[in-house]
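As structure tokens, the structure follows; a few thoughts come after it.
Throughout, read-outs are computed from the coordinates displayed, never taken from laboratory work. Just so we're clear, the structure is a prediction, and the values are computed from it rather than from any experiment. Virtual Cβ from ideal backbone geometry, glycine too; neighbours counted across all protein chains shown.
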Amino acid sequence: MGYQVEDGEEKEILRDVSLKIDDNIVVITGPNGGGKSTLAKVIAGLVKPTEGKIFLDGTDITDYSVTERAKAGISLAFQQPVRFKGLSVRDLITIAAGKDISVNEACKYLSEVGLCAKDYIDRELNASLSGGEMKRIEIASVLARGAKFAVFDEPEAGIDLWSFKSLIHVFEKMRSEHNGTVLIISHQERILNIADKIIYIKDGLVERYGTKEEILPTLMDASREGCDILMDKMED
Amino acid sequence: MLDEIGKNLLKEVAELDALPVGAYNIRVNGQSSERNTTANIDIVTKEDKSGIDIIIKPETKKESVHIPVVLSQSGLTETVYNDFYVGENCDITIVAGCGIHNCGDEKSSHDGVHRFFVGKNAKVRYVEKHYGEGEGRGKRVMNPTTEIHLEEGASMQLQATQISGIDDTVRKTTAVLAAGANLEVQEKVLTTGEQNAVSEFTAELNGAESSCNIVSRTVAKDKSTQHFSSTLAGNAPCSGHTECDSIIMDSAKVSASPNLTAADVDASLIHEAAIGKIAGEQLLKLMTLGLTEQEAEERIVSGFLK
């Protein structure tokens, strides 16, 4: 599968990406600008690949719209959560769950991400919520969705005050309670550590794909490659 | 008495299935149809012109007045003058509203001129809902004028909603605030088709520590047009805030013009205006949760106007 854009000149964002993802927890990592978020968007249908096909459980979903993919079982937690004037946390969780839910049920999802349902359920998803709060609500909305293929685009970004442990716990719980796949884009070693498999994407190419045991040590080496001046500065 | 159409209009504008509790005056096709007064709230028909005086005794608490208007006769045009005299230290709710059902080809219009004289330290919650329906080609027109006088320490919350069916509206609201008075306005407007809505607010903050907050949220669809203007005059140490937030869709046109004048060094006045379409990422987010693009759009609009 590939994805190109024309911006004055033709630019390949993803090329020859060929992956079969069927493990519980798969983490995509790699340098910024390498194509990780684009891959997440291609999977959720937000952008359409310019070549190749995407299958979900053997069904070709390449031509499925975003809505059709959501109904087929794909869900995406955005890297930058979207704000809505007039929609409340309850509205978002209700839409995600696809049915009316009680405060108790909402509590189940919100407490997972460290928020008290009573305090948050009627809050509007507007600028009054901090970036970190929005991020947690975004994750809760994907939990409420209960999708068999859930994609999280840099879930750790912005959740500074919420302990990292809780986030890891969310994914571990998803692993034990949920039969599907959780695909996480992350730079964090602690998230890489809970992966069954790791995909390393650089310059639009899948450079490495394998078990955590195979890939993680190579990433530690890779981090020592690169610009000599920068490396020298870091060592200083 | 009310027929089915009238009952439906009454439900739309006043959320009433039956006669309300407390004081009320229901006006149907230009005539006062039902009225009830209480020990504290009197309703008197004006003698010099069409309309009523609503007189609320000082210290009246936790009571309500409903004065809905229903027009189902095509071609009826009327101007009604209602004056509210709210005594000191009252705490009351007033529900007004007008529903027009026009199935004919002639214009039906209701112009309500409401004046509020709110006594010292009284609290008023005023809810006004405008609604139109009917398949006729005749226009449904409403031009509400609201004049508010708040004495020392008085406060008023005004919630005005016009969600559907009104072809043409010019809404004028003026307020004069004495020391310590507070005015909160929430306006919600949706226009569709070729409808036109104009909303003009003017508030004079004349007393020390007076404050007002005017928030307008509107959605303009199809070829409809909207204009919002707000004029705040800070003549004393006071705080004033006005905000106009509009979603524009299709071929609609929306304009907003603020006008702030401060005549006191301790007057703090703020205006915010934002006009824009529904953000693509908002639609996409809801679509990733299983809504179609159209469902997502409806959800965003209804939430925005909630």
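According to the Kirkwood relation over distinct C-alpha pairs, the hydrodynamic radius of the range A:101-164 is 12.2 Å. Note on A:F55 and A:L219: their simple-model spin labels are 2.8 nm apart, each label 7 Å out from Cα toward Cβ. Counting Cβ atoms of other protein chains within 10 Å of each Cβ in A:75-88 and taking the mean gives 5. Normalised by residue number, the volume inside the convex hull of the Cα atoms of the range B:1-136 is 91 Å³ per residue.
Listed peptides B:157-167, B:204-214 appear in the order B:204-214, B:157-167 once ranked by packing, highest mean of other Cβ atoms within 10 Å at the front.
Residues of the range A:115-157 falling in the label zone of B:A279, defined by backbone nitrogen less than 16 Å from a point 7 Å along Cα to beta-carbon, are A:124-139.
The equivalent ellipsoid of the protein assembly as shown has semi-axes of 56, 26, 22 Å, largest first, where each one is the square root of 5 times an eigenvalue of the Cα gyration tensor. Note: relative contact order over the range B:4-304, using C-alpha pairs below 8 Å and six or more positions apart, is 10 percent. Mean-square fluctuations from a GNM of chain B, with a 10 angstrom spring cutoff on Cα atoms, peak among B:S251, B:S239, B:S224 at B:S251.
The modelled label-to-label distance between B:S268 and A:S166, using points 7 Å beyond Cα along the C-beta direction, is 3.3 nm.
If you wrap the tightest convex hull around every Cα atom of the range A:3-235 and split its volume per residue, you get 155 Å³. Values of log10 I(q)/I(0) for the range B:4-304 across q = 0.07, 0.11, 0.17 Å⁻¹ run -0.28, -0.70, -1.38, by the Debye formula with one identical scatterer at each alpha carbon and no solvent. In degrees from 0 to 90, rounded to the nearest 10, what is the angle of the helix A:164-177 Cα long axis to the longest principal axis of chain A? Roughly 80 degrees, rounded to the nearest 10. Using a Gaussian network model of chain B in which every pair of alpha carbons under 10 angstrom is joined by a spring, one finds that among B:L16, B:L286, B:L260 the greatest mean-square fluctuation is at B:L286.
Which of the residue pairs A:K11/B:K253; B:K107/B:K253; A:K148/B:K277; A:K11/A:K135 have a Cα-Cα distance greater than 28 Å in the structure shown? Listed pairs above 28 Å: A:K11/B:K253; A:K148/B:K277; A:K11/A:K135. Cβ crowding within 10 Å, taken as a proxy for footprinting-reagent exposure, orders A:M134, A:M1, B:M156 from fewest neighbours to most as A:M1, A:M134, B:M156.
Sketch the reach of a paramagnetic label on B:K306 as a point 7 Å from Cα along Cα-to-Cβ, and name the residues of the range B:255-293 whose backbone nitrogen lies under 20 Å away. Zone members listed by number: B:278-293. I'd like the distance separating the alpha-carbon centroids of the range B:25-75 and the range A:121-150, in whole Å. Their Cα centres are 47 Å away from one another. Near A:K71, once Lys and Arg are set to +1 and Asp and Glu to -1 for all other residues with Cβ below 15 Å from its Cβ, the sum equals -1. Summarise the partner chain shielding of A:93-101 as one whole number: the mean count of Cβ atoms from other chains within 10 Å of each residue's Cβ. Per residue, the number of nearby Cβ atoms from other chains is 2 on average.
All C-alpha to C-alpha distances of the range B:98-159, sorted into 5 Å bins beginning at zero, yield P(r) values of 5, 16, 21, 15, 12, 11, 8, 7, 4, 1 percent in whole numbers.
Kirkwood radius, the range A:42-95, all distinct C-alpha pairs, inverse of mean reciprocal distance: 12.9 Å. Counted by Cβ distance under 9 Å from A:T62, the other residues give a net charge of 0, where Lys and Arg count +1 and Asp and Glu count -1.
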